[in-house]
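Presented below is the structure to which this report refers.
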Amino acid sequence: MGEIEDAIERADRESFTREPPKTLKGQISYLIKQLGSAKAVAQEIGVTADSVNRYRRGARKHPRADVAAKIDNAVRRRWQPQVRKRRQRQAATTGGITVETRARFGYTAPIGTTDDGRFRRLTVHLPPAYAQRLFDAREAKASDQEMRGIIADGFKEIYFQDGGVRATGLSDVAINDIDYLDLDY
């Protein structure tokens, strides 16, 4: 997963109204319920079906660290899908999305102005249209670079051009060298 995809996942997790199961038995039971069988869970997390059944029974209590992380991620990806959809729909129709980042921004500007990229720490609230574009791109399995482009377009319009009031000659903004990126909606 890319940086933007990770940020969307973190924002989704913040919308949970209930915490997902914390115990190994609870997590495995939830995954079996969601996926239908121990074999399907085993394929998802990269272990044998026997191991999955041992986790479920409590005969094996401590999976390897990489397997434990896969189990946790599998549970969190499936946890409260309706809550996630409702929050995303709200962001895409009325609320918009807030992007906080520290990254190097470069841009193409008219001759006679500076277009040197530099690190900036920005927190910008993007309108619902950008949230919708970002969620659509994620659904279409767009690359991290394509999703960066959507956020860069939003920054260009809202931050750099202030909705068309300034820097009207600015034609292209690029986000490079992301130090961190966080989304909230």
Exercise. Simple spin-label model, 7 Å along Cα-to-Cβ: R57 to D136 in nm?
Worked result: 5.1 nm
Problem set entry | F119/V67 FRET efficiency (R0 30 Å; Cβ-Cβ; nearest 0.05) | 0.20
For this session: Could you calculate the contour length gain from R76 to T93, that is, 0.36 nm times the residue separation minus the distance between their Cα atoms, to one decimal place in nm?
Result: 3.6 nm
Problem set entry | Added length on full extension, which subtracts the Cα-Cα distance from 0.36 nm per residue, N176 to E14 | 55.7 nm
Problem set entry | Computed over the chain: relative contact order in percent, which uses C-alpha pairs under 8 Å that are six or more apart | 26 percent
Exercise. What is the helix-to-structure angle for 24-35, meaning the angle in degrees between its Cα long axis and the longest Cα principal axis of the chain, kept from 0 to 90 and rounded to the nearest 10?
Worked result: 80 degrees
Exercise. Using a simple spin-label model with points 7 Å from Cα along the Cα→Cβ vector, what separation in nm is obtained for D162 and D50?
Worked result: 6.9 nm
Exercise. How many nm is it between the label spots at Q145 and D6, if each spot is 7 Å from the Cα in line with the beta carbon?
Worked result: 1.9 nm
For this session: For A174, list long-range residues whose amide hydrogen, built 1.01 Å from N in the peptide plane, is under 5 Å from its own amide hydrogen.
Result: G106, Y107
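Where a number appears in this text, it was derived from the coordinates with a stated rule and is not lab data. Note that the structure is a prediction, hence the values are computed from the model and not measured. Ideal geometry is used to build each Cβ from the backbone, glycine not excepted, and the neighbour counts take in all protein chains shown.
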